[in-house]
1. Looking at region 104-116, I want the residues that are without any contact (Cβ under 8 Å) to a residue 60 or more places away in the chain and of a type in the set (Val, Ile, Thr) and have a partner that is assigned to a loop (DSSP other than H, G, I, E, B) and surrounded by 14 or more Cβ atoms within 10 Å (Cβ to Cβ) with Cβ atoms under 9 Å, at least 6 apart or on another chain. Which pairs are those?
2. Can you name the number of the only condition in (1) assigned to a helix (DSSP H, G or I); (2) buried (at least 22 other Cβ atoms within 10 Å of the Cβ) that Glu196 fails?
3. Could we say that Ala42 is without any contact (Cβ under 8 Å) to a residue 24 or more places away in the chain, among the aliphatic types (A, V, I, L, M) and open to solvent by 20 Å² or more (accessible area, probe 1.4 Å) here?
4. Which of (1) out of contact with any helix residue (DSSP H, G or I) (no Cβ under 7 Å at 6 or more places or on another chain); (2) loosely packed, with under 15 Cβ neighbours inside 10 Å; (3) not charged (D, E, K, R) is the odd one out, the single condition Met34 does not satisfy?
5. If you take the residues in region 14-31 that are surrounded by 14 or more Cβ atoms within 10 Å (Cβ to Cβ) and out of contact with any helix residue (DSSP H, G or I) (no Cβ under 8 Å at 6 or more places or on another chain), which one is farthest from Val169 (Cα to Cα)?
6. Mind checking which strands (runs of 3 or more DSSP E) fall wholly inside region 50-159 and carry at least 3 residues that are open to solvent by less than 10 Å² (accessible area, probe 1.4 Å) and within 27 Å of Asp21 (Cβ to Cβ)?
Amino acid sequence: MPALIPTQYTATVTWLGVNPDRDAALETQALRDMALSFAGYAGESRAGLVRPSDSRVLAQYKRGTPIRNTRQLAILSAEDLDAIAAEMGIDALDPALVGASMVIRGIPDFTHVPPSSRLQDEASGTTLTIDMENRPCMLPAKPIEARHPGMGARFKRAAQNRRGVTAWVEREGVIAVGATLRLHIPDQPVWRFLDEARKAHG
């Protein structure tokens, strides 16, 4: 029995970007297409099969521990970007300013699709596995402030539940602007002890 269900939801890739050096700047540079290997996009500072652990997983690993890189790509929806911009009080938010790798349009409530869902290019078969929600942080505040003075500090709050997801490459190939990606979701119910586990932690 298949473990993943192809859904009726598809999205169009509206923007692609690459960050060659995150130590120098967060912003990404626009691309027309991405040739993706199992390590991600070769020109991307987030590429690689492994990465050093950071503050997101301090409950599991000492900072700097080599772990599997499930954060090769940062994917946002155009709908969420529009909502963030509206809440911040600006006309539009350039995805380059928030370090986006990919922007898609068409999947509702995209930030909360189930972890381990797939986005599969309908033409090339290139497939991305979604790790989990990408929590908002203050790093985009600086480039946003430079473009929109007085607005940088508004990003983190406006981006709550709208920051998109991180993902890694499950099947190699090329994804281009204009490509159609279909959402495939795990065929399993939500764990019935989830709320209980969350309450015990917090």
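1. Thr111/Asn134; Thr111/Arg162; Thr111/Arg163; Thr111/Gly164
2. The one condition Glu196 does not meet is (2).
3. Judged against the criteria, Ala42 is a match.
4. Among (1) out of contact with any helix residue (DSSP H, G or I) (no Cβ under 7 Å at 6 or more places or on another chain); (2) loosely packed, with under 15 Cβ neighbours inside 10 Å; (3) not charged (D, E, K, R), the lone unmet condition for Met34 is (2).
5. It comes out as Arg22.
6. In region 50-159, the matching strands (runs of 3 or more DSSP E) lie at 73-77, 102-105, 127-133.
The values are calculated or read from the model by the stated rules, or taken from the named source; none is laboratory data. What you are looking at is a predicted structure, and each value in this text was computed from that prediction instead of being measured. Positions of Cβ are backbone-derived with ideal geometry, glycine not excepted, and every protein chain shown enters the neighbour counts. In case anyone asks, the SASA skips ligands and DNA or RNA and just uses the protein heavy atoms, side chains included. Shrake-Rupley method; radii C 1.70, N 1.55, O 1.52, S 1.80 Å.
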